[in-house]
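Scroll down for the structure; my scribbles are underneath it.
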Amino acid sequence: MSAKRLEPFKQDIYRCIHCKACKFSYSGSPEKSGPGEYKGVLYEGMLNSCPSGIEFGWEGYWNSGRMWIARGLLDGTLKPSEAVRDVLMPCITCGNCSTQCENWIDTVGIIEAMRATLVDAGIPLLDRHALIKQFATDLNNPYGRDKDKRTDWAKNDPDLKTQIGKEADEAYFIGCTAAYNQTNIASATTRILKSLGINFAIREDEVCCGSPFFRIGEVDFAKGLMKKNLEVFSKYKRVIFSCAGCYRTLTLDYKKHTGKPVPFETIHAMEIVANAIKSGKIKIKAHPDLKGKTFTYHDPCHTGRHMFLEEKQELMRGSKNMFLDSRKVKQIHELFDIPRVILNAIAKANGAKFVELYRNMEESFCCGAGGGVRAQYPDFSLKTSSLRLDEAEAVGAEIVTTECPFCWRNLYDANEKYQHPLKVYGILEMLDKFNLVEIQANPVPPPEYAEKAKPKK
Ligand code: SF4
Ligand code: SF4
C-alpha cells in the first residue's frame, strides 16, 4: 500500500520521540500564572492543549499517539482502514501540538497527509464529509447553498452592490461561511474597506477555497477548487480576506500545492485596519454600549498559529544548525499584534478593558470548528468552543471577539447552547456595528506608534 503522501514527512515522523509534551499548552513555561480555578479547571501552569485528546481520551486521539499511527502507515505495519480513519478524523488540525513540540514536528502536515493516504487507499469519507464534498461539487460551496446566491448579501444592499465585478486592482475573497451564513461579517468588511477608500472587486465566480477538503485528505478535489480560484483572482494585485481559513488556504496551501506563492499579495482585512490606526488614517470612536466593558480575543488558528508556525519552519529550513535566530522569531511573532492594535484602540476610546485569554497567540486553544470537525462532529465541536468560552469567563470577559466567520459561528452557537453570558463579535463587525471608525482628513500617528512611523534617517 502506497503512503507516498507521508514520504516527505519521513524525517519528522521518525523524529517524534513520543514524549507527549504536545499534550500541554505552555510546555516551555509550566510556572505561568493565570486567573486560577474556574468551573473545575485550574488556569495555572500547563493546560491540556488538544481538544480531541480531551474529548476522546485514548492515546490515539492525542497527537503523540497519532505520530505512532503515522509511523505505522508509513512503514506499512498499519493498513489504511475505516478504524484508522475514525481515530484520525476528530483532529481539528489546530496545530497546538506543533507549537508545543520542541522537536519541530509538522504535526498538522502529517495528520493531513495521513488522511490523504486513507483517501488514496479508497477508504470512504465519513458521511457528512461525503455530503459537503457533494455540495461543493454541485454548488461550489460546502453548505449546499445556491451558487448563484453567493453575493446576495451585497446585491441586496445598494451601498455594497457596486463592488460586484468592479474594475479594480484588488479583490475581496468572501469565503463560503461569510457569503452564506455570517453575512454580517462580509457586509462589515465591505463597508469598512470602502470607507478606507480601497478600490476592490467582489467576484461572483469565486468558489470554495478548498480548506475543508485539504484538511480532510481530499487533496485532489481541493486542488480542482484551487485551480478555479486562481483563474478568477490571478489578475489582481492584492486579495483581501475576512476569513482566517480562506486566508491560510490561499497563502499556504495554494503555495504548497502549486510549488510557488499565489501571483498576488494576500492580506487579512484586519491588517489593513490595524495599519490605518497606526498611521493615524482612522481614529477609533467611543460607543455607549462598549463603555467600561471587558473584552477578550480568540486567536483563530489559521491567521495566528498556522502562519507563525509556517514562518518559523521556513526559518528552520534555512538554519544550518537547527537553531533559530531569536530576533527573527520575535519579528514574525509581531503578526499576533495585528488584531491587538485594533482591540487596544477600541479599549482606549471606550474606557474599556482588553484582557488576554489564558491560552493565547501561538498557544491559543482552538474554537473547535476546523479540520472538518464541525461538519462531522457538531457536538464535540461545540463542546470545545464552550471550553474556550469558559476560559473567556475565567479572565472576566463580557465580550469575546475573533476575526474569522467560522470561529465566530462556533463561539456564537456554543454561547447559546451552553448558556454562557457572553457576547461574540468579529472585530470588523464590532467596528461596523458600533460605528467606531472615523476617517481622518489629516492623519497623525497616535503617540504609541509615532516613533515607528518616523522616516528612518
Ligand atoms: S510530536 Fe513532539 S512533543 Fe509530541 S510526542 Fe512527538 S516529539 Fe513529543
Ligand atoms: S492538531 Fe489540535 S486537535 Fe489535532 S492532534 Fe494536534 S492539538 Fe490535537
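Throughout, read-outs are computed from the coordinates displayed, never taken from laboratory work. Model, not experiment: these values are computed from the prediction. Every residue, glycine as well, gets a Cβ built from its backbone with ideal geometry; the counts of neighbours run over all protein chains shown.
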Would you mind ranking Glu311, Glu416 by Cβ crowding within 10 Å, fewest neighbours first? Glu416, Glu311
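Under a Cβ-only charge scheme (Lys and Arg +1, Asp and Glu -1), can you give me the dipole magnitude of the chain about the Cα centre, in debye to the nearest 20?
1000
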Quick one: if you stick a label point 7 Å off each Cα along the C-beta vector at His333 and Trp68, how many nm between them? 3.4
Residue-count net charge about Val207 - beta-carbon cut-off 11 Å; Lys, Arg +1, Asp, Glu -1: +1
What does a probe at Lys285 reach in the stretch 407-431, counting residues whose amide N is under 13 Å from the point 7 Å along Cα→Cβ? 431
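Order by neighbour count: Arg327, Arg5, Arg238, fewest other Cβ atoms within 10 Å first, most last. Show your work: numbers first, answer last.
Working: Arg327 7, Arg5 22, Arg238 16.
With the sparsest Cβ surroundings first, the list reads Arg327, Arg238, Arg5.
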Using the Cα gyration tensor of the stretch 116-227, with a ≥ b ≥ c the square roots of its eigenvalues, what is the shape: rounded (a/c below 1.5), prolate (a/b larger than b/c) or oblate (neither)? prolate
Computed ³J(HN,Hα) along the stretch 436-451: with the Karplus parameters 6.51/-1.76/1.60, θ = phi - 60°, integer Hz and x for glycine or proline, the list is 8, 9, 10, 6, 9, 5, 10, x, 10, x, x, x, 5, 10, 4, 4
So which aspartates and glutamates pass the test for Lys278, namely a Cα distance under 20 Å, with those fewer than 8 places away in the same chain ruled out? Glu334, Asp337, Glu403, Glu429, Asp432, Glu438, Glu448, Glu451
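How big is the equivalent ellipsoid of the stretch 7-120 along its three axes, where each semi-axis is √(5λ) from the Cα gyration tensor, reported in whole Å from largest to smallest? All intermediate terms of the calculation are to be shown ahead of the outcome.
Working: eigenvalues 155, 48, 19 Å².
One finds semi-axes of 28, 15, 10 Å for the stretch 7-120.
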Beyond 39 Å, how much of the Cα-Cα pair distribution for the chain remains, as a whole percent? 19
Answer with one residue from His298, Ala450, Leu324: the one whose Cα lies farthest towards the positive end of the charge dipole of the chain, charges on Cβ with Lys, Arg +1 and Asp, Glu -1. Ala450
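Find, among the trypsin sites (Lys or Arg not before Pro) in the stretch 32-140, those assigned to loop by DSSP (not H, G, I, E, B) with at most 14 other beta-carbon atoms within 10 angstrom. Mind showing how you got there, number by number?
On the way: sites: Lys32, Lys39, Arg66, Arg71, Arg85, Arg115, Arg128, Lys133; in loops: Lys32, Lys39.
Listed in order of number, the matching sites are Lys39.
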Where the centre of each part is set by its Cα atoms, how far does the stretch 309-339 sit from the stretch 98-141, in angstrom? 27
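Among the listed pairs Lys194/Lys227; Lys383/Lys417; Lys147/Lys194; Lys283/Lys452; Lys161/Lys194; Lys255/Lys330, which have their C-alpha atoms separated by more than 20 angstrom in this model? Mind dumping the intermediate values first?
Working: Lys194/Lys227 28 Å; Lys383/Lys417 9 Å; Lys147/Lys194 25 Å; Lys283/Lys452 18 Å; Lys161/Lys194 12 Å; Lys255/Lys330 24 Å.
Those over the limit are Lys194/Lys227; Lys147/Lys194; Lys255/Lys330.
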Out of the stretch 5-93, which GluC sites (Glu not before Pro) are coil in DSSP terms and have no more than 14 other C-beta atoms within 10 Å? Glu31
Taking Trp62, Trp408, Trp68 and counting other beta carbon atoms within 10 angstrom, the fewest-first order is Trp68, Trp62, Trp408
